[in-house]
Structures are given as C-alpha cells and as structure tokens.
Amino acid sequence: MKSLATLAIAAAAFTLAAPVSAQSFAKPEDAIKYRQGAFRVMSAHFGALGAMANNRAPFDPQAAARHGDVIALVSHLPFAGFAAGTDKGENTRAKAEIWTEQPKFRAAAEKMQSEVGKLAAAAKTGNLDNLKAAFGPAAGSCKACHDDFRRD
Ligand code: ASC
C-alpha cells in the first residue's frame, strides 16, 4: 500500500509539473532564462535542505518536507529549456554535449529526477537520518551532470 501511495503521489507531482513545450519560447534567450530560473529555484531549496542534512541548520521536518516537494516538482521543468538552438548564448555554461549526446544527457536528467524524488520521500518521513541518507545521492546526481555537461 505504501508503495502504491508513493507512486500515486509521484504521478500527481509529475502531472502538476508538466513542462512547457520547447516551442513555448519566443527566442533562445527565453529558453535559457527559463531553464536557469528552474535550476536556481532548485538550488535555493536544495541548499536549505542540505544545511539540515549536514547539521548546519536545525532540522525542521515540515520545512524539509516542503523543500523536498519543491525540488522534486521543479526537477521536471528545466529540460524543456534545452531546446534546439539554445546552445549559444552570452550567459550559458551549457556544453555542446547536451545536444550531441542527447541520450546520455537525458539519462543524467532522469537519474537526478529519480534521486530527488527519493529525497522528497525521505524528507517526508520526518527522520533526519533518512534525509541524510538520501541527500548525498541526490547531490551526486546534480554534480555528475554538471561535470559532464556544464562549463566551469
Ligand atoms: C546545490 C547546487 C548545486 C548542487 C551541487 C551538488 O545546492 O546549487 O548545483 O547542490 O552542488 O553537488
């Protein structure tokens, strides 16, 4: 039952986070700003959660659960912003490999979405040890993609 409920919640979150289509952007810069905005939102909430996971902030279970939900929801959004023709821009660190190695990029994105989904579930247990256990793999999935697909 528990896993069914978890699946139902994940499905609901995915539906709510239905991304815009790549065609929604009038110009390449709009897509770049969109994906960067989504990543910034994720980073802010990930940082707040990480402070709790790493004992730099007091553990607030309700806040942790909300941060986890925001991260999991928004994790589905940025990828529509990597539309064709958005590889060049003044303010992007996106590497060409995003477009030349699409299956690898997609797999890295899906890995991150899976890990932050687990992080959100862990945050909802109200148990700091669960949060700590899920935080490292989630952070690792962010970093793996940055290492391969983002310029320094
Ligand atoms: C963050 C953030 C990232 C990731 C990454 C994890 O809070 O802004 O890009 O975590 O540093 O390794």
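Charges were assigned to the Cβ only: +1 to each Lys and Arg, -1 to each Asp and Glu. The resulting dipole of the chain about its Cα centre is roughly 120 debye.
Peptides 93-105, 31-43 ranked from most to least packed by the mean count of surrounding Cβ atoms within 10 Å: 31-43, 93-105.
Normalised by 2.2 N^0.38 Å, where N is the number of residues, the alpha-carbon radius of gyration of the chain equals 1.07. Extension gain for TRP99-ASP69 works out to 7.9 nm (0.36 nm per residue, less the C-alpha to C-alpha distance). Annotation: per residue accessible area for the chain equals 58 Å², rounded to a whole number [probe 1.4 Å, protein chains only]. Rounded to the nearest 0.05, what FRET efficiency do SER21 and SER114 give with R0 = 22 Å and r taken as the Cβ-Cβ distance? Could you check? Computed FRET efficiency for SER21 and SER114 comes out at 0.45. Calculate, in whole percent, how much of the Cα-Cα pair population of the stretch 39-96 lies beyond 16 Å. So the pairs more than 16 Å apart make up 53 percent of the total in the stretch 39-96. In this structure VAL70 has an accessible area near 40 Å², from a 1.4 Å probe over the protein heavy atoms. Overall, the accessible surface of the chain at a probe of 1.4 angstrom is composed of carbon and sulfur to the extent of 59 percent.
Summed over all non-identical Cα pairs, the Kirkwood treatment of the stretch 79-141 gives a radius of 13.4 Å. Farthest toward the positive end of the dipole of the stretch 93-149, out of GLY136, THR125, ALA107, is the Cα of THR125, where the dipole comes from beta carbon charges about the Cα centre.
The values are calculated or read from the model by the stated rules, or taken from the named source; none is laboratory data. Note that the structure is a prediction, hence the values are computed from the model and not measured. Please note: Cβ atoms are built from the backbone with ideal geometry, for glycine as well, and neighbour counts cover all protein chains shown. Remember, those area values only see protein heavy atoms, side chains included, never the ligands or the DNA or RNA. Shrake-Rupley method; radii C 1.70, N 1.55, O 1.52, S 1.80 Å.
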